[in-house]
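Student: Let me give you the structure first, and then I'll get to my questions.
Derivation of every value follows stated rules applied to the coordinates shown; laboratory data play no part. None of the values given here were measured: they were computed from a predicted structure. Neighbour counts run over all protein chains shown; Cβ positions are idealised from the backbone, glycine included.
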Amino acid sequence: MIYNICVIILAATAIWCAWRICVADFRRRIIPDAYLWPLLLIGMIFAAWMPMWPTGARTAAIGAATGYALSAAIGFLFDRRMRRRNADAPVPIGLGDIKLIATGGVWLGPTGMAAALVVACVTGMIWGITNKQKYIPFAPFFICGGILSLIGMLFLL
């Protein structure tokens, strides 16, 4: 009974943190750490102590390291390339996005995170083209892709 109540409270907190991240990224183009770190911690708790969770603690750690390293390398390469062209160029991927992808790696593992990234990039690109946006908030698209990936991992596999 207590276990179920704790799981419900943690899941509700994770949903609330994800919602606040989406709102903050749409409004201010920033992902606050105040919502990101609890989401990461809850993902680690779920991966380590929930028997029906699709990723274990080891897979979650590998997913986090893979997500952080991959997105940091992409951010570093694009940042250097953009800075060479124009010193005032905006940063294409921020540190909040990098930490969010690492958090997605904890929740989904490397395979689920890859699926979430594909969904996020495709839907973000479509949204940016249809709305003629110069800046695309990545967090809402990645979180939606992560939810779809998690549903697929839980129910389809």
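Student: What Kirkwood hydrodynamic radius do you get for the chain when you take the inverse of the mean 1/r over all pairs of distinct Cα atoms, in Å?
Tutor: On the way: mean 1/r = 0.0621 Å⁻¹.
After inverting the mean inverse Cα-Cα distance, the result is 16.1 Å.
Student: Could I ask something else about it? Using Cβ contacts closer than 10 Å as the measure, can you line up Tyr68, Tyr3 from fewest to most? If you can, show how the numbers build up before the last one.
Tutor: On the way: Tyr68 17, Tyr3 9.
By the 10 Å Cβ count, ascending, the order reads Tyr3, Tyr68.
Student: Roughly how many whole Å is it from the C-alpha centroid of the range 1-77 to that of the range 104-157?
Tutor: Distance between centres, Cα-based: 14 Å.
Student: If you take the beta carbon distance between Met1 and Trp37 as r and set R0 to 22 Å, what does 1/(1 + (r/R0)^6) give as a FRET efficiency, to the nearest 0.05? Spell out each step's value before the answer.
Tutor: Values: r = 29 Å, r/R0 = 1.30.
Efficiency computed from Cβ-Cβ geometry: 0.15.
Student: With the Cα gyration tensor of the range 34-80 giving a ≥ b ≥ c as the square roots of its eigenvalues, does the rule (a/c under 1.5 for rounded; else a/b larger than b/c for prolate; else oblate) give rounded, prolate or oblate? If you can, show how the numbers build up before the last one.
Tutor: Working: a/c = 4.59, a/b = 1.96, b/c = 2.35.
Oblate, since a/c reaches 1.5 and b/c is not below a/b.
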